[in-house]
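This report refers to the structure that appears directly beneath it.
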Amino acid sequence: MRRPLNFNAGPATLPLPALERARDELLDFAGSGMSVMEHSHRGPEYEAVHDQALSLLRELLSIPPGYEVMFQQGGASMQFALVPMSFLRVGGAADYVVTGSWSAKAHAEALAWAHIASARVQLAACTKEEGDGYRRVARVDEATLDPKADYVHWASNETIHGVQYLEVPHFGSAPQVCDMSSDFLWRKIDVAPFSMIYGGAQKNIGPSGVTVVIARREFIDGGRKDLPGILQYRAHAEAKSLLNTPPTFGIYLVRNVLEWIKGLGGLDVIERRNREKAAALYAAIDADAGFYAAPVEKGSRSVMNVVFRLPSEALEKRFLDESKKHGMVGLKGHRSVGGIRVSLYNAVELEWVEELAAFMKDFAKRNG
């Protein structure tokens, strides 16, 4: 079987070795005669996987002491609500930087909670342009920031609009909270400037259904204590992400992917791979700039999600139809913006991108 060249935006392609390991262990995990899905989350067989996944995250990112690493559920969308519920004090304030659809959704959820908490949520910066959507990240110097804010929230990469912070910013003196769902572990970052990082696993590190949260212990200790326990970060941290039954098979697959990353040589190797893929694809777009139009400013072009348009929607449909016949899937842009989107997550191979680039060159020649 020839696997498709999978450019889906999430759930996304997973490393073949991680899937093959899951296949081989599916019916008999660790000689137990049972699948890992059948083991109790309190039993030693699963707990070994759970602890290893948490340990690998700490190792790969060199997470400093004083930080908790948690597996949660509900995706980044749940975090959009939990963050203000936990850290936006009654009468307090939070700053939000909006550079695309997902940070806009986070801002909207915070506004809903602010109404309940009699708090203030400020749109510190927004890069949406009339008629053009989002074409760039926000600069720190254009953000209006409250130094007394309970936190400032921003997204490192916008999956829909293909906008990414290529250099990690720091927005003022308030605790930094970042949604890294669509570029988590694409490279190594310094965790220390952040009070919280969160992201859904279904882009770079596993299947849908698992959310990774990395948070400074003192930050979550300062969160509200009058929420139900299941909604308190401190409760999940104290229970080692076993407060309730976790998505055990999803975390098992995360463990497999993290081991694959480590086996390749870690995040420095992953970053080189990702930059090489993105460079090859953007070169193909720019080589036929009269046919392919990349709307994002070059300094904000995402390494993870490359978006572009063709001269007409009819040509975009033909592009999608023909690319599918060549074994390529997941290239249709998000329904809210249209166009073409190519997601280049960690498990995407350079050879896939080179094959796509060759197809793009030929398609432009035949239809330009």
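For residues that are in a helix (DSSP H, G or I), open to solvent by less than 50 Å² (accessible area, probe 1.4 Å) and in contact with a Gly (Cβ under 7 Å, 6 or more places away or on another chain), tally how many sit in region 211-226. Before the answer, list the steps.
Step one: filter region 211-226 for residues in a helix (DSSP H, G or I), giving 217-221.
Right, trim to open to solvent by less than 50 Å² (accessible area, probe 1.4 Å) and you get 219-220.
Narrowing further to those that are in contact with a Gly (Cβ under 7 Å, 6 or more places away or on another chain): none.
Residues meeting the conditions: 0.
Go through region 80-118 and give me each residue that's aliphatic (A, V, I, L, M), surrounded by fewer than 21 Cβ atoms within 10 Å (Cβ to Cβ) and within 16 Å of Leu145 (Cβ to Cβ).
Matches in region 80-118: Ala93 only.
Tally the residues that are free of Cβ contacts under 8 Å to residues at least 60 places away in the same chain and surrounded by 13 or more Cβ atoms within 10 Å (Cβ to Cβ), restricting the search to region 56-79. Before the answer, list the steps.
The initial filter retains those residues of region 56-79 that are free of Cβ contacts under 8 Å to residues at least 60 places away in the same chain, namely 58, 65, 77.
From what's left, surrounded by 13 or more Cβ atoms within 10 Å (Cβ to Cβ): 58, 77.
Counting residues in region 56-79 that are free of Cβ contacts under 8 Å to residues at least 60 places away in the same chain and surrounded by 13 or more Cβ atoms within 10 Å (Cβ to Cβ) gives 2.
For residues that are among the small types (Gly, Ala, Ser) and open to solvent by 50 Å² or more (accessible area, probe 1.4 Å), tally how many sit in region 274-288.
From region 274-288, those among the small types (Gly, Ala, Ser) are 278-280, 283-284, 287; that's our starting set.
Subset that is open to solvent by 50 Å² or more (accessible area, probe 1.4 Å): 279, 283, 287.
Within region 274-288, residues that are among the small types (Gly, Ala, Ser) and open to solvent by 50 Å² or more (accessible area, probe 1.4 Å) number 3.
Quickly run through region 114-132 and pick out the residues that are touching a strand residue (DSSP E or B) at 6+ places or on another chain (Cβ under 8 Å), farther than 27 Å from Asp183 by Cα and either of a type in the set (Lys, Arg) or in a helix (DSSP H, G or I) (or both). Steps first, answer last, please.
Here is the first cut: in region 114-132, the residues touching a strand residue (DSSP E or B) at 6+ places or on another chain (Cβ under 8 Å) are 114, 119-128.
Right, trim to farther than 27 Å from Asp183 by Cα and you get 114, 119-120.
Those that are touching a strand residue (DSSP E or B) at 6+ places or on another chain (Cβ under 8 Å), farther than 27 Å from Asp183 by Cα and either of a type in the set (Lys, Arg) or in a helix (DSSP H, G or I) (or both): Ala114, Arg120.
I'm told Arg3 meets every condition in (1) modelled with pLDDT of 95 or more; (2) touching a Gly at 6+ places or on another chain (Cβ under 9 Å) except one. Can you identify the failing condition by its number?
That leaves (1) as the condition not met.
For (1) buried (at least 21 other Cβ atoms within 10 Å of the Cβ); (2) under 30 Å from Glu20 (Cα atoms), each residue gets a yes or a no:
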position	(1), (2)
Pro228	no, no
Gln232	no, no
His236	yes, no
Leu242	no, yes
Pro246	yes, yes
Arg255	yes, yes
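So if I check each of Val163, Val152, Val140, which one is open to solvent by 30 Å² or more (accessible area, probe 1.4 Å) and of a type in the set (Val, Ile, Thr)? Reasoning before the result, please.
Values: Val163 fails: open to solvent by 30 Å² or more (accessible area, probe 1.4 Å); Val152 fails: open to solvent by 30 Å² or more (accessible area, probe 1.4 Å).
The unique qualifying residue is Val140.
Would you check if Ala53 is of a type outside the set (Val, Ile, Thr), under 20 Å from Gly200 (Cβ atoms) and open to solvent by less than 50 Å² (accessible area, probe 1.4 Å)? Before you say what the answer is, go through the steps one by one.
On the way: of a type outside the set (Val, Ile, Thr): yes; under 20 Å from Gly200 (Cβ atoms): yes; open to solvent by less than 50 Å² (accessible area, probe 1.4 Å): yes.
Against the criterion (of a type outside the set (Val, Ile, Thr), under 20 Å from Gly200 (Cβ atoms) and open to solvent by less than 50 Å² (accessible area, probe 1.4 Å)), Ala53 qualifies.
Applying the selection to region 35-50, what residues are open to solvent by 60 Å² or more (accessible area, probe 1.4 Å) and in contact with a Phe, Trp or Tyr (Cβ under 7 Å, 6 or more places away or on another chain)?
Passing the criteria: Met37, Ser40, Glu45.
Quick grid of which residues meet (1) of a type in the set (A, V, I, L, M); (2) touching a residue at least 12 places away in the same chain (Cβ under 8 Å):
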{"site": "Ala192", "(1), (2)": "yes, yes"}
{"site": "Gly200", "(1), (2)": "no, yes"}
{"site": "Ser208", "(1), (2)": "no, yes"}
{"site": "Ile214", "(1), (2)": "yes, yes"}
{"site": "Lys225", "(1), (2)": "no, no"}
{"site": "Pro228", "(1), (2)": "no, no"}
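The values are calculated or read from the model by the stated rules, or taken from the named source; none is laboratory data. Remember, it's a predicted structure, so these values are computed and weren't measured experimentally. So basically every Cβ, Gly included, is an ideal-geometry build from the backbone, and we count neighbours across all protein chains shown. Heavy atoms of the whole protein, side chains included, go into the accessibility calculation; ligands, DNA and RNA do not. Shrake-Rupley method; radii C 1.70, N 1.55, O 1.52, S 1.80 Å.
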